[in-house]
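These notes concern the structure reproduced below.
The values are calculated or read from the model by the stated rules, or taken from the named source; none is laboratory data. As the structure is a computational prediction, the values presented were derived from the model and not from experiment. Ideal geometry is used to build each Cβ from the backbone, glycine not excepted, and the neighbour counts take in all protein chains shown.
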Amino acid sequence: MYTTRQGLPTLLFGAFDRHNFGDLIFPHVADSLLGSENLIFAGLVKSDLSGVGGFSTQSLSHLAKEFGGRPINILHVGGELLTCEAWQAAVMVQASEKVQPLLRRLEAHRDERVAWTRNVLGISALAPYTVSRELFPGAVHIIFNAVGGVELNERDEPFRTEVLTKLKCAQYLSVRDSATLDILNGHGIQARLVPDPAVMVAELFGEHIERTAGEGEVAAIINAFPQGYIACQFSADFGDDATLEQVAGQLEQLATSSGYGVVLFRAGAAPWHDDLECYRRLAGFMRSAPLKIFGSLDIWEICALIAHSRAFCGSSLHGRIVAMAFGIPRVNVRHPRYGSHTGKQAAYAATWELPSIPATIDISGIAAGVRQVLAVDGERLLQHANLLARHYREEFEQVVTLLQ
């Protein structure tokens, strides 16, 4: 544990103002490693996700007014922050039941949509999860820690220019995958390459996660599947009937060949993330496999569910990374419409994964893909987990040095 400069507040900023598994983990890692009492937890909007293991956040726009030109450190805690557009960000912090009426009203009306977005966020940035020095003119250090942006070159020029301008003003910049690193290098920006912060969950929070596994819904799942289970997750865009039916067939094959049960969980409940109704429909296509739907959204319970699984299979990057941290076999599934497109899951796996574990698989290859990763030596998986955690800790010391 380290101590930041006494008296100077450090603003921990990220997308942990909405329910997304990985984003909610990041500030815990920073908080644990910094060990400072001068931390401010900030999102784009004021929210309280403490009920699911997150933090209560203050809004960035409010903090910008409060601090003005006063000295402050700003630490972007991680995530795919470099490509999140303002409209996306504003929708994802809404209650789920408001989203469809909102989309019907605003998607075809650009000016009204822009006005609504700025009203929600309180700032006019195109890339609002990246903080500019203009917003905090007194900032002593602006730090980007293990951020991602694999689709940055696919954004329009004004968005891309805004992001690159902000990155050039940073005192420290690290990215979590080689694809983002290459993009930034192509624009003349140097960055360090570090693993995602979630590689630290076992080392920092393993005892708490293990206690969590002994109670409540996680304990019930473990007891229900004494032979073991596969932790599975799919985002809502897998929700058409044809896709769900194919996924169900693959999971049934997997359950039959492995003898393991199937547990479906959500890695995010924010709009455009995961949907319980999709899981219920998926379950309807499955006839014989032992299956349960895990209802909890608490991040520590989700970590415990993954840590006690035989393998993780799903579309969530952080489902994979938490499995990596605990030495659990894992594989990401790509949606059919993405084809060979390199998303953040494939980019991260290409950077940090063992060569014997596939980056992503098609839904038609779920059963075979999971059987492949189940065959990987468990000791090798644990050694790799320890290597990544050590790498992250060593790199984060540079952030600490800046803040001392």
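Considering (1) modelled with pLDDT under 95; (2) part of a loop (DSSP other than H, G, I, E, B), the lone condition that Pro226 does not fulfil carries the number (1). Residues in the stretch 351-367 that are under 17 Å from the mean Cα position of the chain (by Cα) and either closer than 17 Å to Val199 by Cα or not assigned by TED's automatic domain parsing to the domain that holds Ser315 (or both): Thr351, Trp352, Glu353, Ala359. For residues that are more than 18 Å from the chain's Cα centre (by Cα) and surrounded by fewer than 21 Cβ atoms within 10 Å (Cβ to Cβ), tally how many sit in the stretch 64-87. Qualifying residue count, the stretch 64-87: 9.
Scan the stretch 364-391 residue by residue and report those that are of a type in the set (Val, Ile, Thr) and either closer than 20 Å to Leu152 by Cβ or touching a Lys or Arg at 6+ places or on another chain (Cβ under 8 Å) (or both).
Residues of the stretch 364-391 that are of a type in the set (Val, Ile, Thr), as a first pass: 366, 370, 373, 376.
Matches in the stretch 364-391: Val373 only.
Output the residue which, of all residues in the stretch 325-376 that are assigned to a helix (DSSP H, G or I) and among the aromatic types (Phe, Trp, Tyr), is farthest from Tyr392 (Cα to Cα). Spell out the reasoning first.
Going residue by residue through the stretch 325-376, those that are assigned to a helix (DSSP H, G or I) are 325, 336-338, 344-352, 363-374.
In the following step, the residues that additionally are among the aromatic types (Phe, Trp, Tyr) were identified as 338, 348, 352.
Working: Tyr338: 30, Tyr348: 14, Trp352: 12 Å.
Among those that are assigned to a helix (DSSP H, G or I) and among the aromatic types (Phe, Trp, Tyr), it is Tyr338.
Using the structure shown, decide if Ile183 is surrounded by fewer than 17 Cβ atoms within 10 Å (Cβ to Cβ), assigned by TED's automatic domain parsing to the domain that holds Gly148, closer than 25 Å to Arg155 by Cα and at pLDDT 95 or above.
No.
Being under 22 Å from Arg18 (Cα atoms), surrounded by 22 or more Cβ atoms within 10 Å (Cβ to Cβ) and not aliphatic (A, V, I, L, M) is a condition met by at least one residue of the stretch 147-163. Scanning the stretch 215-241 for residues that are among the polar types (S, T, N, Q) and within 24 Å of the chain's Cα centre (by Cα) returns Gln233, Ser235.
Please enumerate the residues belonging to the stretch 229-244 that are at pLDDT below 95 and surrounded by 15 or more Cβ atoms within 10 Å (Cβ to Cβ).
Initial filter on the stretch 229-244 (at pLDDT below 95): 234-244.
If the condition is that a residue be at pLDDT below 95 and surrounded by 15 or more Cβ atoms within 10 Å (Cβ to Cβ), then Phe234, Ser235, Ala236, Asp237, Phe238, Gly239, Thr243, Leu244 are the ones that fit.
Are any of the residues in the stretch 338-349 touching a residue at least 60 places away in the same chain (Cβ under 8 Å) and among the charged types (D, E, K, R)? Yes; the residues of the stretch 338-349 include at least one that is touching a residue at least 60 places away in the same chain (Cβ under 8 Å) and among the charged types (D, E, K, R). Taken as a whole, the condition of being within 24 Å of the chain's Cα centre (by Cα) and surrounded by 15 or more Cβ atoms within 10 Å (Cβ to Cβ) does not apply to Leu102. Under the condition of being crowded, with 21+ Cβ neighbours inside 10 Å and free of Cβ contacts under 8 Å to residues at least 60 places away in the same chain, the residues counted in the stretch 267-290 number 4. Exactly one residue among Arg371, Arg330, Arg337 is of a type in the set (D, E, K, R) and modelled with pLDDT under 95, and that residue is Arg337. When the stretch 347-404 is limited to residues that are surrounded by 18 or more Cβ atoms within 10 Å (Cβ to Cβ) and small (Gly, Ala, Ser), the one that is farthest from Ser309 (Cα to Cα) turns out to be Ala347. Just one residue in the set Val201, Val194, Val218 is in contact with a Lys or Arg (Cβ under 9 Å, 6 or more places away or on another chain), more than 26 Å from Gly365 (Cβ to Cβ), modelled with pLDDT of 95 or more and crowded, with 17+ Cβ neighbours inside 10 Å; that residue is Val194.
For first residues located in the stretch 291-314 and part of a loop (DSSP other than H, G, I, E, B), partners that are of a type in the set (A, V, I, L, M) and modelled with pLDDT under 95 and lie 6+ apart or on another chain with Cβ distances below 9 Å form the pairs Gly295/Leu276; Leu297/Ala269. The set of residues in the stretch 143-170 that are at pLDDT 95 or above and over 21 Å from the mean Cα position of the chain (by Cα) comprises Asp156, Glu157, Pro158, Phe159, Arg160, Thr161, Glu162, Leu164, Thr165, Lys166, Lys168, Ala170. In the stretch 27-142, counting only helices (runs of 4 or more DSSP H) that sit wholly within it, the ones holding 2 or more residues that are closer than 26 Å to Arg176 by Cβ span 60-67, 86-92.
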